[in-house]
Each structure stands twice: as C-alpha cells, then as structure tokens.
Amino acid sequence: MEWHFYTFGEFHGPYSLERMLELTSGMPQLFPLAAGASDEQLSVLEKHPKVIGLALVSRDITVAATATLRVLPRLRELILCGPPITDQFLMGLRSIHTLRDITLIDTACTKDGVGDFLSHVPECQVYRAGADSILPASLRRELQLFVSGQMIRR
C-alpha cells in the first residue's frame, strides 16, 4: 500500500507508513493519503494522534474501517473515494463529532444517506465532487479555489 502526505500545497510520496511518519515527525498535524488500503492496513493509524485528515482511495476498504477512524482524536476532514464508501460507511462515522468536512468522490452514498449522517453531525459539511476535488475542502476554501460538485444539506 502507498502512503502520501500533503504539505504546503504539495503531495509527497509514495512512502511506506513508517517512512512517512519519520519524515513528518516534526509536523504538528498530518493529512495522509491512503491509496489501496485494507481495513487492517488502515488500523495502523490508531497509534498516530496527529492525523487531522485522511484521503482514502481504496476498493478494499469496508465499513469495519470506520472503527479506526472513530479513535482518531483530532480527525476533522475526510476525502472518501470509490464504491466501497456507502451510506452504511457514513453512518459508521456519525459518532465523530470533530468532523468538519467530508468530500465524496465517486462513492455509492445516496442523498438520503448523507442527510441521515448530517442529522447526527450537523456541524459537518459534505461535498459530492469529481476527481478534480482531491485537495482537502478546508484548503480549497482557504485558498478560494474552485470547488466542483455540490455541497449536500439536509
């Protein structure tokens, strides 16, 4: 599995998770990209409290991965890509009250499923976007970049 991280407007990687953590050890926060991760591979993040965001692009992920995401104490943003991301996956995230932004790219989530999720986490913004929106929504807003797709509201 490849791990990438994002700093100062640039993606870096691919690296092993160990190398990525070594390179970012002095950074106060981390926003990795997990490409091709399985539930088990993603679970290594449980030991890394600096994770504030995660881009997850994998056909091998299941709803079980939400257990790992729920234990990340500073998780504010997710970019979720691919058909394994379903309404059930979103509902597995409903207890993460630190979440502020979720970008959905080519997922199987429905408008009703997103609405149900937002009823549990109303302070979170959910965007449905294309592949051009892989940058974090928080960064796109800060830089006033074009945000394709649409924000979903209940």
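On inspection, Arg74 qualifies as part of a loop (DSSP other than H, G, I, E, B), touching a residue at least 40 places away in the same chain (Cβ under 8 Å) and not aliphatic (A, V, I, L, M). Annotation note: of Leu99, Leu93, Leu145, the sole residue that is modelled with pLDDT under 90 and assigned to a loop (DSSP other than H, G, I, E, B) is Leu145. So, Arg59, is that one closer than 23 Å to Gly130 by Cβ and among the charged types (D, E, K, R) or not? Criteria met by Arg59. Within region 22-34, the set of residues being under 17 Å from Val71 (Cβ atoms) and surrounded by fewer than 19 Cβ atoms within 10 Å (Cβ to Cβ) comprises just one member, Gln29.
If the condition is being without any contact (Cβ under 8 Å) to a residue 40 or more places away in the chain and crowded, with 18+ Cβ neighbours inside 10 Å, then region 35-56 contributes Ala37, Leu42, Leu45, Val51, Ile52, Leu54, Leu56. Residues of region 45-71 that are assigned to a loop (DSSP other than H, G, I, E, B) and of a type in the set (A, V, I, L, M): Ile52, Ile61, Val71.
Annotation: Ser95 fulfils all but one of (1) over 25 Å from Gly130 (Cβ atoms); (2) surrounded by 19 or more Cβ atoms within 10 Å (Cβ to Cβ); (3) touching a helix residue (DSSP H, G or I) at 6+ places or on another chain (Cβ under 8 Å); (4) of a type in the set (Ser, Thr, Tyr); the unmet one is (2).
The values are calculated or read from the model by the stated rules, or taken from the named source; none is laboratory data. Every value quoted in this text rests on a predicted model; they were computed, and no experiment measured them. Neighbour counts run over all protein chains shown; Cβ positions are idealised from the backbone, glycine included.
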